[in-house]
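Working notes, beginning with the structure itself.
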Amino acid sequence: MKKENFARVYEEYHKLVLHIAFDGLKDYDLAQDVCQEVFIAFNEKIDGLDEELVKGWFVKNANRKTVDVQRKPYRKNEISGEIKDEMCPQVVVEYLVEEDEGRRKEFRQFLLEKLKEKNPVWYDLMIRVVVEKESTKAVAQEYGMTVVNLRMKISRARHWLTKNYYEAYQEL
């Protein structure tokens with residue numbers, strides 16, 4: 001297959017790749033990213049592909065890229081600054097960027113105490129893994145859980161903190 005055929009192949013298969021990606025991700029923007037990545041890879045390999053096998057190549061690579069995106073946890077948590085500012089009240093945003101390091105530490109400690117009241121295990125895991133930077137593997141072994149399970153508990157603790165920090169600020 002030759003590079004001159006790229007535009008024709010794109011028109012023929014981009015909807016298929018987009019459909020496969022969207023079906024797996026349920027997010028149109030991420031599906032477009034996957035589609036772009038698949039066609040970039042296709043452009044790099046176009047000279048070595050047999051034209052009869054192109055459709056199968058697209059299906060296989062679209063599925064693989066979709067699974068890769070699903071497995072990347074950081075993609076689920078990416079948010080733009082605009083959305084982030086809408087999500088958290090401006091008062092707290094200003095408070096967290098203040099110059100006064102002592103007040104910031106006091107606020108963080110207050111939040112951690114709230115977390116300890118909510119779930120002592122989450123608190124201990126956050127202190128040990130996030131604050132003290134202990135090895136996740138060692139802490140997970142000590143608790144008799146997998147590293148994935150430990151990370152999930154830390155993620156839930158962070159989510160709870162994010163969801164409840166404005167309420168905690170009001171109590172401070």
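How much net charge surrounds GLY24 when only other residues with a Cβ under 12 Å from its Cβ are counted (Lys, Arg +1; Asp, Glu -1)?
On the way: positive: LYS26, ARG64, LYS65, ARG71; negative: ASP23, ASP27, ASP68.
Net local charge, GLY24 excluded: +1.
Subtract the Cα-Cα distance of ILE40 and LYS137 from 0.36 nm times their separation in residues, and report this length gain in nm to one decimal. Could you put the intermediate results ahead of the total?
Details: separation 97, 0.36 × 97 = 34.92 nm, distance 3.68 nm.
Working it through step by step, the gained length comes to 31.2 nm.
Peptides 35-41, 109-115 ranked from most to least packed by the mean count of surrounding Cβ atoms within 10 Å: 35-41, 109-115.
Values in this text are rule-based calculations from the coordinates and carry no lab data. Here the structure is a predicted model, which means the values were calculated and not measured. When we count neighbours, we look across all protein chains shown, and the Cβ atoms used for this are built from the backbone with ideal geometry, even at glycine.
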